[in-house]
Each structure stands twice: as structure tokens, then as C-alpha cells.
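Below is one structure, written out as C-alpha cells, with a few remarks after it.
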Amino acid sequence: MRVLLADAFPAEHVSALTEHGHDCDYQPDTTTEQLPDRLTGREVLVVRSTAVPSAVIEAADSLRLVIRAGSGTNTIDCESAAERGVHVCNVPGRNAIAVAELAFALMLALDRSVCDNVDDLRAGRWDKKRYSRARGIHGRRVGVVGLGQIGLAFAERAAAFGATVHAVAKPGRSPKTAERADAIGIRFVDDLTTLARTCDVLSLHVPATSATRNLVDADLLAHVQPGTIILNTSRGELVDEDALIAAMEEKDVRAGIDVFTDEPATGTGHIGSRLARHPNVYGTHHIGASTEQAQHAVAAEVVRMVDAFESGSVLNC
Ligand code: MLT
């Protein structure tokens, strides 16, 4: 297959594609604007951060498959792809542990005010008394919104730290999920409002869809306790940023945020989000999936998919 790798891809997996007979154009810093030119004659496009809007799909005459090297497809115009018979696949699950680890790191860092500690010390300030607000994770109630692979990996880690893990009961959970949830000892509540009202930490692990847009809004935040920690390593669209800022100011809610609604489409640039600058936010650069382990696992799956597509197998996307 003639493949354009438009984002960073581990070298050994670029080699694997070439060894498997694919013609790879490796252009890791491709912008959305550059895609139409670079897609000339290419049948497969592999992207991570670079957005693929309808204009790109319409201009790419040879394109047959777009693979998003990550869990969501929200940066790709899937409707336009479907209209033109272009398959769109993602690679869910392979980076679940990496994302769960980042959510966990943000939770621990917020609880211990790690970044503020570091800032003070770097400025030569010693102020032990200022940092007496940590509550600890052991014995806390941690609410997990979404029990997919990432939510379950986060829940397992929280339980291992002695937190009680809570989630919203969802009819139709797969037997495998139910089994894992039982092993973790997840306690189910009836609805998101109850979860928000009763938990010390709320961690979001659902995809961005029309149903989850602004899931964390002023109505929900009205129910959270002062000092609640909100974690979003999923998608910026899940949170109404203004409502979260208001809750941070009114009741000292704090937030660990890896994802924003206005992230630069190619992974570098200016971010205007007020949330990113707020002192109650520990923000990161959408790096949940950015571990070597996760990127290797995702890339290996991309190689398998390209091989499978070439041999005519149906990809379960
Ligand atoms: C994902 O969808 O898995 C991640 O958000 C990928 C990324 O880091 O862009």
C-alpha cells in the first residue's frame, strides 16, 4: 500500500511497514493544510493529532483508508469519508494504561499540590505550612465516568491505592467489563449527579460525542463538594470550561486537564484556553498516550491493520 505517515511514528514500525512491502512516506510534522498535496497517490493515511476535515478527504482521490493512531476519531470527518468510501479506523485500548497513568499522576499531584510546591521552591520560597491541605487518596471516593479500557485501568489503580471506586451503573455492560468491575470492587450509583455529589475525585473516560458534550456543566458542578478534583484526560469537549472555572472560584474545585477544546491541530502552537492558565488547574499538553509503551503498541496495531487492509480483510473499526 502507498502510505502517508503524517505524524510521529516509531522508527522500527516505519521499517516494519517498508519490510512488509508498503511504500511509506514518513512526514511526521504534516499540517492539515499540507495533507492534500502529500496525499497525492497515497492510499492510506496515518495520523495522530493532525485534523482531517472533509476538504482533505475530498481532495485525496487515491485515499482508501485513514487510521487514527489513537482511541478517538473525533479529529477526522468520518461522514465525509463514508460518503467517499474511505474507511476510517482507530486504535482503541492500546494506550489505555498510559492515559490511566497520566490521570493518576494528575490526581496525586493535585492532592499534594506538587506543581505549586515545585514553583515555590524554584522561586526560593520555603512554606511548609501552605501545603497542609492534602487529603490523601486512601479511603477517598473516586468516581470513574466511563468504564472502557481506560476507565477500568484508572479504576484498578485507584482501588490499589485504597480508594473506593464508584461508577454509574450502565445497563448492557459487557460480561468482560462486568467481571473486571467486580474484581475491582466498583460500587455503582444510579446517575452522574449522585456520582458528582458523593465523590472526592471525578475522572472522565468517555469519548466526545453529541451525548457527552459538556457532560461536566454548571448543573453537574452545582452538586460537587468543595475541594473536589476533576480529571479530564479524555476530550476537551466533555467539559464546559466556563462552568468549571466558576466552580473552581466558588468552591475551590481543582482540575487535572490534559485535553482542551482549542488544542492546536498539529500538536504545536498557541493555546488560548482560560482553563489552561487557571491556578487551580494542573494542565498537560494532551500527552495521555505519549509513552513509549503506548506508542509502540499503537504503531504495531497500525502495521497489522495496513497489512490486513491490503490482504482484503475486514477491519473492525
Ligand atoms: C487518543 O485518542 O488515543 C489520544 O488522544 C491520542 C493522542 O495523543 O493524540
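Below is a table of values for the structure above.
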item	result
Over the chain, relative contact order from alpha-carbon pairs under 8 Å, at least 6 apart, %	17 percent
Per-pair calculated FRET efficiency, R0 = 25 Å: Glu249 and Asp190 via Cβ, rounded to 0.05	0.25
Under the span-like rule (Cα at least 18 Å along the axis, Kyte-Doolittle mean at least -1.0), DSSP H helices of the chain	96-111, 292-310
Distance in nm between pseudo-label sites at Glu179 and Ser62 (7 Å out along the Cβ direction from Cα)	4.5 nm
Label-to-label distance, nm, for residues given as Asn316 and Ala82 (7 Å Cα→Cβ offset)	2.0 nm
Stokes-Einstein translational diffusion, the stretch 96-283 - Kirkwood Rh over all Cα pairs, 0.692 mPa s, 37 °C, in µm²/s	194 µm²/s
Mean ellipticity per residue at 222 nm, deg cm²/dmol - from DSSP H runs of n ≥ 4 across the chain, formula -39500 (n - 2.57)	-10500 deg cm²/dmol
Relative contact order (%) - the stretch 96-283, alpha-carbon pairs under 8 angstrom, separation at least six	19 percent
Difference of contour (0.36 nm per residue) and Cα-Cα distance, Asp23 to Asp217	65.2 nm
Length released on extending from Ala169 to His138, taking residue separation times 0.36 nm less the Cα-Cα span	8.9 nm
10 Å Cβ shell holding at most 15 others, DSSP loop, trypsin sites (Lys or Arg not before Pro): longest site-free stretch of the chain	214-317
Global geometry of the stretch 143-225, whether rounded, prolate or oblate, following the gyration tensor of its Cα atoms and the 1.5 cut on a/c	oblate
In Hz, Karplus ³J(HN,Hα) per residue of the stretch 73-80 (6.51, -1.76, 1.60; θ = phi - 60°; x = Gly, Pro)	10, 5, 8, 10, 7, 5, 5, 5
Neighbourhood net charge (14 Å Cβ-Cβ; Lys/Arg +1, Asp/Glu -1) for Arg48	-2
Intensity falloff of the chain expressed as log10 I(q)/I(0), Debye formula with alpha-carbon point scatterers, at q = 0.10, 0.11, 0.15 Å⁻¹	-0.62, -0.74, -1.19
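None of the figures in this text is laboratory data; all of them are computed from the coordinates on show. On a predicted model such as this, the values are computed, not experimentally measured, just so you know. When we count neighbours, we look across all protein chains shown, and the Cβ atoms used for this are built from the backbone with ideal geometry, even at glycine.
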